[in-house]
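Visitor: Input: one structure, supplied below.
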Amino acid sequence: QVQLVESGGGLVQAGGSLRLVCAASGRTFSMGWFRQAPGKEREFVAAVSWGGVSTYYVDSVKGRFTISRDNDKNTVYLQMNSLKPEDTAVYYCAAGRSGILSRRIADFGSWGQGTQVTVSS
């Protein structure tokens, strides 16, 4: 079981930026970020392949968010720019069960505890 610890969340004004960090222990394959707003289901945000070459984003964050990873540090990042109030949610890091790039929750086997991101208007 991969252990994941997120950090970097906080309160930011609309148009601002935050960088989320996910530190992993154990072997990882593909990695992803999901988010869950109050009263809503958890939704996919972004995923990255093991090598970091392939990425996948939900349409609502394309051009604003960038997922990346540093395998030497076993760490995954989510750079979030031009933040909007609708980006407010708890953000979760997740480790894929394989190298397949996916947006399905069922394809991720380990989850972090989440970090709160709040964007004020």
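Readers should treat all values here as calculations from the given coordinates under stated rules, not as data from a laboratory. This one's a predicted model, so the numbers in the text were calculated from it and none came from an experiment. Cβ placement follows ideal geometry from the backbone for every residue including glycine, while neighbour counts extend to all protein chains displayed.
Visitor: What is the P(r) of the stretch 69-110, as percent of Cα-Cα pairs per 10 Å bin from 0?
Guide: 21, 45, 32, 3
Visitor: Continuing with this model, one more query. Just how far, in whole angstrom, is the stretch 53-115 from the stretch 1-52 if you go by their alpha carbon centroids?
Guide: The stretch 1-52 and the stretch 53-115 have Cα centres spaced 4 Å from each other.
Visitor: Using Stokes-Einstein with the Kirkwood hydrodynamic radius over Cα pairs, what translational diffusion coefficient do you get for the chain at 37 °C and a viscosity of 0.692 mPa s, in µm²/s rounded to a whole number?
Guide: 235 µm²/s
Visitor: Sticking with this one: Take every Cα-Cα distance within the stretch 50-121, group them into 5 Å bins from 0 onward, and report for each bin the whole-number percent of pairs it holds.
Guide: Cα pair-distance distribution for the stretch 50-121, in percent: 3, 13, 22, 28, 21, 9, 3, 0.
Visitor: How many nm is it between the label spots at Gln1 and Ser121, if each spot is 7 Å from the Cα in line with the beta carbon?
Guide: A separation of 4.1 nm, rounded to one decimal place.
Visitor: Determine the shape class of the stretch 18-77: with a ≥ b ≥ c the square roots of the Cα gyration tensor eigenvalues, call it rounded for a/c under 1.5, and otherwise prolate if a/b is greater than b/c, oblate otherwise.
Guide: prolate
Visitor: While we're here: Rg(Cα) of the stretch 43-92 divided by 2.2 N^0.38 Å?
Guide: My calculation over the Cα atoms of the stretch 43-92 gives 1.16.
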